[in-house]
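Colleague: Can you read through this structure? Questions will come right after.
The values are calculated or read from the model by the stated rules, or taken from the named source; none is laboratory data. Quantities reported herein were computed from a predicted structural model and do not represent experimental measurements. Every residue, glycine as well, gets a Cβ built from its backbone with ideal geometry; the counts of neighbours run over all protein chains shown. These accessible areas exclude ligands, DNA and RNA; they are computed on the full protein's heavy atoms, side chains included. Shrake-Rupley method; radii C 1.70, N 1.55, O 1.52, S 1.80 Å.
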Amino acid sequence: MDINARNVRENRQILQFSGYSYQDLKNDLHIYSRIFEKIVQITTLARTIDGREIFQARIGKPDARHKILIFAGIHGREYMTCQLLMDLTASFARAILEKQTYRGYSYQTFFDTCSLFLLPMVNPDGVTISQMGPDALNKEENRRRVWEIARKEGARMPWKQYFKYWKSNAEGIDVNRNFDALWESYYDGVQKPASEHYKGPSAGCTLEADTLIQLTLKEKFDRTISYHSSGAVIYWSFGQRGELAKKTQSFAKRISDITGYTPDDNYEELDPAGYKDWALLKQNIPSLTIEIGRAESPLPPSAYKKIRKENQFVFEETILDILVSIHSR
């Protein structure tokens, strides 16, 4: 049975909500703005084609010498990364507020020397589709587009089983295949709007990718981390050599030591055109992709407690990687 307007109205099963949502994010950011008022600065970087905000939470002095980008939720079905990044943000902010220390460094020193740019949900439209289906989108044109993609991909009832695996944005573009890192030579296997893999008509054409690109060009980060799921692995290579390769490999080992995730440099077996690839290839920034969890995405809620513990000190160790690198020169 094709998915058309009548079938959708008459035969659709109601998609049940699950997971950390865009509304949860907004609620938590509002709370953070109150309890961490002098520590966490929250701004809106952009609005998606369906009207959702791409938020940034920044921790650290505006004139801090060093800057770090950590983001999550670039793939719709990987929304557990959004919850994780928000929890890590609260934990780090609380440690500053309570004047705690970590490995001999005060959190105030971290705050003074490094500014963290945290984007907890880069693709809120995709997250919404994965959790609640296309009828949760705000605009009719976007709802129609997503239902049409589903029809062309042969989706059948119950719709929840199809939409929960959605990775793309509301345009049907896989945002993490939309960066200028071998984008032109990459064959995505679909060549049209899809629930996953479609690289888009041009590199950086999505608002979500362009938001990350423009922020990176402006701030000139010392380190970046892209949170994904799943695999319990850390991807750190995109063929870089020399000092950049040494720094990135060392960074990956540091994060591996605290998370228990396996460092992996076999980039040639992975699809290119991701943010980490672009940050390494075009910006020469030591950058990692951290894949949380070991089950298929979307990860089950039962996996979260372990994942939260594994990633507890990623912020701190990323800052230490910069400070140690400076001192070893």
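Colleague: Excluding same-chain residues fewer than 8 positions from LYS305, which aspartates and glutamates have a Cα within less than 17 Å of its Cα?
Modeller: GLU78, ASP87, GLU291, GLU296
Colleague: Which net charge results when you count Lys and Arg as +1 and Asp and Glu as -1 among the other residues whose beta-carbon is under 9 Å from that of GLY204?
Modeller: Values: positive: none; negative: ASP180, ASP210.
My count for the surroundings of GLY204 gives -2.
Colleague: Moving on. Subtracting the Cα-Cα distance from 0.36 nm times the residue separation, let me have the gained length for GLU184 to MET157 in nm, one decimal. Kindly include the intermediate steps, with their values, before the conclusion.
Modeller: Details: separation 27, 0.36 × 27 = 9.72 nm, distance 3.60 nm.
Stretched fully, the GLU184-MET157 segment lengthens by 6.1 nm.
Colleague: Quick one: what Rg and Dmax do you get for region 98-237 from the alpha carbons, in Å?
Modeller: Calculated on Cα positions, Rg and Dmax stand at 18.5, 57 Å.
Colleague: Per residue, how much accessible area does region 17-59 have with a 1.4 Å probe, in Å²? Present the calculation step by step, with values, prior to reporting the outcome.
Modeller: Values: 2160 Å² over 43 residues.
Heavy-atom accessible area per residue stands at 50 Å².
Colleague: Then there's this: Determine, from the Cβ-Cβ distance of GLN108 and ILE31 and an R0 of 25 Å, the FRET efficiency 1/(1 + (r/R0)^6), rounded to the nearest 0.05. Can you show the working numbers first?
Modeller: Details: r = 23 Å, r/R0 = 0.91.
With a Förster radius of 25 Å, E is 0.65.
Colleague: Now a separate question. Of the cross-linked pairs LYS38/LYS61; LYS164/LYS253; LYS199/LYS276, which ones have a Cα-Cα span greater than 21 Å in the structure shown?
Modeller: On the way: LYS38/LYS61 10 Å; LYS164/LYS253 33 Å; LYS199/LYS276 15 Å.
Beyond 21 Å: LYS164/LYS253.
Colleague: A further question follows. Seen from all sides and averaged, what is the projected area of the convex hull of the Cα atoms in region 30-75, in nm²?
Modeller: Details: hull surface 16.7 nm².
Here the figure is 4.2 nm², rounded to one decimal.
Colleague: While we're on this one: With a cut-off of 8 Å between alpha carbons and a minimum separation of six or more residues, what is the relative contact order of the chain in percent?
Modeller: Working: 646 pairs, mean separation 62.5, N = 329.
Normalised by residue count, the contact order of the chain is 19 percent.
Colleague: Below 8 Å between Cα atoms, with a sequence gap of 6+, how large is the relative contact order for region 121-262 in percent?
Modeller: Values: 157 pairs, mean separation 24.2, N = 142.
After rounding, I find 17 percent.
Colleague: With both partners inside region 22-138, how many of the DSSP beta bridges are antiparallel, as a percent to the nearest 5? It would help to have the intermediate numbers written out before the result.
Modeller: Numbers: 12 of 18 bridges.
That works out to approximately 65 percent antiparallel.
Colleague: Mean Kyte-Doolittle of at least -0.5 plus a Cα span of 15 Å or more along the axis: flag which DSSP H helices in the chain meet both, please. Each step should come with its number before you reach the end.
Modeller: Details: long enough: 22-35 (20 Å, -0.89); 80-97 (26 Å, 1.14); 140-152 (18 Å, -2.02); 207-219 (18 Å, 0.17); 242-259 (26 Å, -0.61); 314-327 (20 Å, 1.22).
Sorted by number, the helices that extend far enough and score high enough are 80-97, 207-219, 314-327.
Colleague: Separation between the LYS38 and ARG94 pseudo-spin-labels, each 7 Å from Cα along Cα→Cβ, expressed in nm?
Modeller: Those two pseudo-labels are separated by 2.0 nm.
Colleague: Continuing with this model, one more query. Ranked from highest to lowest mean number of other Cβ atoms within 10 Å per residue, what is the order of the peptides 264-277, 78-91? If you can, show how the numbers build up before the last one.
Modeller: On the way: 264-277: 18.5, 78-91: 23.9.
In decreasing order of mean packing, 264-277, 78-91 become 78-91, 264-277.
Colleague: Also, I was wondering about something else. How large, in Å, is the chain by the Kirkwood hydrodynamic radius built from its alpha-carbon pairs?
Modeller: Values: mean 1/r = 0.0496 Å⁻¹.
One decimal place: 20.1 Å for the Kirkwood radius.
Colleague: Tally up the carbon and sulfur contribution to the accessible surface of region 9-131 as a whole percent, 1.4 Å probe, everything protein left in place.
Modeller: On the way: 2320 of 5120 Å².
Answer for region 9-131 is 45 percent, counting heavy atoms of protein chains only.
Colleague: Enumerate the aspartates and glutamates that LYS247 could reach by cross-link, defined here as Cα to Cα under 19 Å, with residues fewer than 8 away along the same chain left out.
Modeller: Answer for LYS247, where 19 Å is the Cα cut-off: ASP222, ASP257, ASP264, ASP265, ASP277, GLU316, GLU317, ASP321, listed by chain and number.
Colleague: Give the peptides 112-121, 132-141 in descending order of average Cβ contacts within 10 Å, highest first.
Modeller: Details: 112-121: 22.6, 132-141: 17.5.
Going by the mean number of other Cβ atoms within 10 Å, highest first, we get 112-121, 132-141.
Colleague: Among LEU323, PHE111, TYR79, which residue has its Cα positioned farthest towards the positive end of the charge dipole of the chain, with +1 placed on the Cβ of Lys and Arg, -1 on the Cβ of Asp and Glu, and the dipole taken about the Cα centre?
Modeller: PHE111
Colleague: Roughly speaking, what is the centre-to-centre gap between region 162-201 and region 28-45 when only Cα atoms are used, to the nearest Å?
Modeller: Rounded to whole Å, the Cα centres lie 32 Å apart.
Colleague: Sticking with this structure for a sec: Leaving out ligands, DNA and RNA but keeping every protein chain, what accessible area does TRP183 have, in Å² rounded to the nearest 10, with a 1.4 Å probe?
Modeller: Surface accessible to solvent at TRP183 totals approximately 30 Å².
Colleague: Considering only DSSP beta bridges where both residues belong to the chain, give the percentage that are antiparallel (nearest 5).
Modeller: So the antiparallel bridges amount to about 45 percent of the total.
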